[in-house]
Amino acid sequence: MRTRFQQGLDELRQKLLRMGGLAEQAVDRACQAYLDRDLNRCQMVLEGETQINLSERQIDELAFDLLAMQQPMAVDLRFILAVTKINADLERVGDQAVNIAERVMDMVSLPAVDLPVDIARMSAAVSAMVRRALESFIEAKAELAQAVLEMDNVVDRMRDEAFIVLVKTMNERPETTRQALDALLVARNLERVADHATNIAEDVIFWVRGADVRHNAPQEGVVQEPPAQRAATETH
Amino acid sequence: MGVGIQVEKLNAWYGRTQALHDINLKVQANHATALIGPSGCGKSTFIRCLNRMHETTPEARVEGTIKIGDYDAYQGTSATQLRRRIGMVFQKPNPFPTMSIYDNVAAGLKLNGYRDKKHLDEVVEKSLASSALWDEVKDSIHKKSGASLSGGQQQRLCIARALAVEPEVLLMDEPCSALDPISTGKIEELIFELKAQYTIVIVTHNMQQAARVAEYTGFFLLGRMIEYDKTEKIFTNPSDKRTEDYITGRFG
């Protein structure tokens, strides 16, 4: 038994879970800030980003050390590769939360208007995706991760519906254009968080099963299409 | 050119102790195949069965079929004839210490009755070039003894000696375990080049080495072959839990 190596893997797992907690909290706070027009929560999201960025670096450093010093194989190799990718996705989840918080800070200077879009429902769905993706990692369960992949289509539809109704609102009530645009951008940020949760779930499946399910990839022996670009994200 | 090796229901014993149990394996021609597993798992016994060295151990015996290309290794072929077709490199470099570099390489041919100096010169140069040693020793092949070379050079000399008789298969039993990383790197590069002409079976305790040089890998445990597959499959996503436990160090 390689005790020190196992300790390193456990430490990596713990660090990633803490990182996941921070990212999940950032999204929840940003969504609540949008719903309540709450500047205090926006500030908490902005301040929390520093810790997320620091965690990202610490996790990458530890993963890099384990790769260099322990030459992991098989499930351990897949675990470390998955952790580095999940780490990057969580950092981007944090970025999306910051984008939402900044949108809210812009939005509160404008009068509140009633918009025909249910951001609360969308944020609940996205938060659930992030939470379940992290649960699938904690429990090493590909079935849980698979359920997250299936939720992504639901969020995509919410984003599309939000786009249609908000553009219609802008045309019919031009005085609400800025508020509608803010809501549209928040919906887009949320949809990207869902994309990152999907990526995390795919990485968990790769770790647990050794199967690459990205982009509906065909399995071994079948020529694959070039991988599509991952969802572009706004970074800070 | 290398030939494939087909092993069916191979069992081997040392006295009453069974060392191999029902091994079935198809080694691809002109590829490197690595055999891994803990000490005493039977991997060295397995390759010693391929060139009939196992039978040189008192009270050792073998059952089953081994085909080297179209030839049956144990039926209608003498061990000497077989070993002419199967070269072997051992863990510890073992050049003939008092012979010159040239004579070390030419020894196999001379034993087989070759005397034509021009032919011998050509084979010695070609073999030393194939083992990536020629440039380092070409000015002293008659002056220096095999034992005067460094460990890594001695191992490449042993490879040249094995290649000189133009085998079809090259067996390597932990060929780098006594070498430093630079010499190991040279041998690994050599294995990569040699498989274009030879079929290579390498026993190694170094899993990174197996991953670097071999297209196929077999995992042995307690005299049985647990898993045999493409190397990338074995090292990234093995099918058998025992393989995974071994290569991830959870074994035992």
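Quick notes on this structure:
- A Cβ-based charge dipole, computed about the Cα centre of segment A:13-161 with Lys and Arg at +1 and Asp and Glu at -1, lands at about 280 debye.
- Global form of segment A:1-141, assessed from the alpha-carbon gyration tensor, a/c cut-off 1.5: prolate
- Of the trypsin sites (Lys or Arg not before Pro) in segment B:1-41, those whose Cβ has at most 13 other Cβ within 10 Å and which sit in DSSP loop: B:R16
- Charge tally for B:H54 (other residues, Cβ to Cβ under 9 Å; Lys, Arg +1; Asp, Glu -1): +2.
- Local net charge near B:Q91, Cβ-Cβ under 9 Å (Lys/Arg +1, Asp/Glu -1): -1
- To put it simply, the accessible area of segment B:1-117 at a 1.4 Å probe is 48 percent carbon and sulfur.
- Scattering from segment A:31-111 was approximated by placing one identical point on each alpha carbon and applying the Debye formula without solvent; log10 I(q)/I(0) at 0.20 1/Å stands at -0.82.
- Chain A: DSSP helices with Cα axial extent of at least 15 Å and average Kyte-Doolittle hydropathy no lower than 0.5: A:119-139
- Those residues of segment B:211-252 for which accessible area with every protein chain present is at least 10 Å² below the isolated value (1.4 Å probe): B:K230, B:K233, B:F235, B:T236, B:N237, B:E244, B:I247, B:T248, B:G249, B:R250, B:G252
- In chain A, the portion of solvent-accessible area held by carbon and sulfur atoms comes to 51 percent [1.4 Å probe, whole percent, DNA, RNA and ligands not counted].
- Rolling a 1.4 Å probe over the protein heavy atoms leaves B:K230 with an accessible area of roughly 90 Å².
- Interface of A with B. Using a 1.4 Å probe and counting protein heavy atoms only, the two chains hide about 1100 Å² of accessible surface, both sides summed.
- Checking the cross-link pairs B:K26/B:K195; A:K15/A:K85; B:K92/B:K144; B:K67/B:K233; B:K43/B:K233; B:K92/B:K126 against a 18 Å limit on the alpha carbon distance flags B:K92/B:K144; B:K67/B:K233; B:K43/B:K233; B:K92/B:K126 as lying beyond it.
- Counting only the Cα atoms, chain B fills a convex hull of 126 Å³ per residue.
- Taking a straight Cα-Cα cut-off under 13 Å and skipping sequence neighbours fewer than 8 places away in the same chain, the aspartates and glutamates within cross-link reach of A:K168 are A:D160.
- Calculated P(r) of the protein assembly as shown - Cα pairs past 28 Å, %: 64
- Overall, segment B:3-70 carries a charge dipole of about 100 debye about its Cα centre when +1 sits on the Cβ of Lys and Arg and -1 on the Cβ of Asp and Glu, all other atoms neutral.
- For chain B, the longest principal axis of the alpha carbon atoms and the long axis of helix B:101-111 meet at an angle near 70°.
- Sparsely packed trypsin sites (Lys or Arg not before Pro) within segment A:111-149, loop by DSSP, other Cβ within 10 Å at most 16: A:K141
- Rounded to the nearest 20 debye, the dipole magnitude of the protein assembly as shown is 2200 debye, with +1 charges on Lys and Arg beta carbons, -1 on Asp and Glu beta carbons, and the Cα centre as origin.
- For chain A, the ratio of Cα radius of gyration to the globular rule of thumb 2.2 N^0.38 Å stands at 1.09.
- Relative to the dominant Cα principal axis of chain B, helix B:151-164 is inclined by about 90°.
- Residues of segment B:31-75 falling in the label zone of B:E215, defined by backbone nitrogen less than 20 Å from a point 7 Å along Cα to beta-carbon, are B:31-36, B:67-70.
The values are calculated or read from the model by the stated rules, or taken from the named source; none is laboratory data. Fair warning: this is a prediction, and the values are worked out from it, not measured in the lab. Positions of Cβ are backbone-derived with ideal geometry, glycine not excepted, and every protein chain shown enters the neighbour counts. Keep in mind that these areas ignore ligands, DNA and RNA; they rest on the heavy atoms of the full protein, side chains included. Shrake-Rupley method; radii C 1.70, N 1.55, O 1.52, S 1.80 Å.
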